[in-house]
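K.L.:
The structure is given below, and queries will be raised subsequently.
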Amino acid sequence: MRSKPRIFLIYTGGTIGMSKDFETGALKAFNFSKLLHNIPELKLLDCEIDTFSFKNPIDSSNMNPEHWTEIARTIESNYENFDGFVVLHGSDTMSYSASALSFMFENLSKPIIFTGSQLPIGDLRTDAKENLITAIQIASLQENGQPLIGEVCLYFEYKLYRGNRTTKISAEHFNAFASPNYPHLVESGVNLTLNKQLFLPVSNNDNLIVHTRLDNRVAIIKMFPGMSESVLSTILSISDLKGIIIETYGAGNAPTEDWFLDLIKKTINKGLYIVNVTQCSGGSVDMGKYETSTVLKNLGVVSGKDITTEAAITKLMYLLGHNIPQEDFKTVFETSLRGEISL
């Protein structure tokens, strides 16, 4: 008889891990060692669940590459003993973390699903239970005794998304995330509707590789009408800066004023990488479509295509950490590594 899938639940912090003291009304950290006792519905799932909590759970606003490494190492050290992983995480930076982990794990053959909630798990109207229960259920999905999903995902409000395709769109609604340029992978209703044709191929024949070298000497610059030369010049002249994500207009358009183009040219000639992403909520950079982006293309600006800003900045950290040869960097960045860019 086949054993039940084993799921490893990792709590990093965030709203979902809070419970309400009904006497004082104050929120307090949830005791995950008593998870099954507090959420008896989990006992109905056809899987075995083990839990792990950060020694010092953090608000996701304090998330950084060191914490990403801690999550990655925790999964790596438990990888052979479990069939799937669910990471409980604050929603504010969840898309950044899901994107980062997607690049850090190569040859992934098991699901890593991020989830959280807008209300604490102890709140009467909480969305935490549904998000947690369904994330675990999806992480348990198997076919022929093997995990059905082999990528980093994000589950929130009835939908499972590819993690590096998501962005947080609301601080108020339960439907807090969107995947503007890629359809959801699974939808939860009366039944789970699986869009298997959208899944990344599960890598069963190659050994797992976990990359933890990330270089955070990067910046994001959002273009706006009236940006001054002095401000942009100051940012681009930061001494140890290695790469910049520049959020441009529409399909990748930016000013054509001489001072702006001269700064871009000087920056690239210094060996820094500039990646062009759109500041629109959806759509793709298409440098050369309009005259205002043709010059950027000719200067050697990297096209982010339809990547999200969250995936772009974490991919930049990942590639900078691997010392990609300068002549290859543009090609590698513009190539989809973990399904983050449409082909």
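The values are calculated or read from the model by the stated rules, or taken from the named source; none is laboratory data. In this text, all values refer to a predicted model and were calculated from it rather than measured experimentally. Positions of Cβ are backbone-derived with ideal geometry, glycine not excepted, and every protein chain shown enters the neighbour counts.
K.L.:
Within the stretch 133-153, can one find any residue that is in contact (Cβ under 8 Å) with a residue 24 or more places away in the chain, in the same structural domain as Tyr79 (by TED's automatic domain parsing) and within 19 Å of Asp59 (Cα to Cα)?
P.N.:
The answer is no; no qualifying residue exists.
K.L.:
When you go through Ala128, Ala100 one by one, which is the residue that is buried (at least 21 other Cβ atoms within 10 Å of the Cβ), at pLDDT 95 or above, small (Gly, Ala, Ser) and on the phi < 0 side of the Ramachandran plot?
P.N.:
Checking each option against the conditions leaves just Ala100.
K.L.:
Checking the conditions here, which among Ser230, Ser188 is small (Gly, Ala, Ser) and within 29 Å of Val301 (Cβ to Cβ)?
P.N.:
Only one candidate qualifies: Ser230.
K.L.:
Same structure, new question: Within the stretch 103-125, restricting attention to residues that are aliphatic (A, V, I, L, M) and touching a helix residue (DSSP H, G or I) at 6+ places or on another chain (Cβ under 7 Å), which residue is surrounded by the fewest Cβ atoms within 10 Å (Cβ to Cβ)?
P.N.:
Filtering the stretch 103-125 for residues that are aliphatic (A, V, I, L, M) and touching a helix residue (DSSP H, G or I) at 6+ places or on another chain (Cβ under 7 Å), the one surrounded by the fewest Cβ atoms within 10 Å (Cβ to Cβ) comes out as Leu119.
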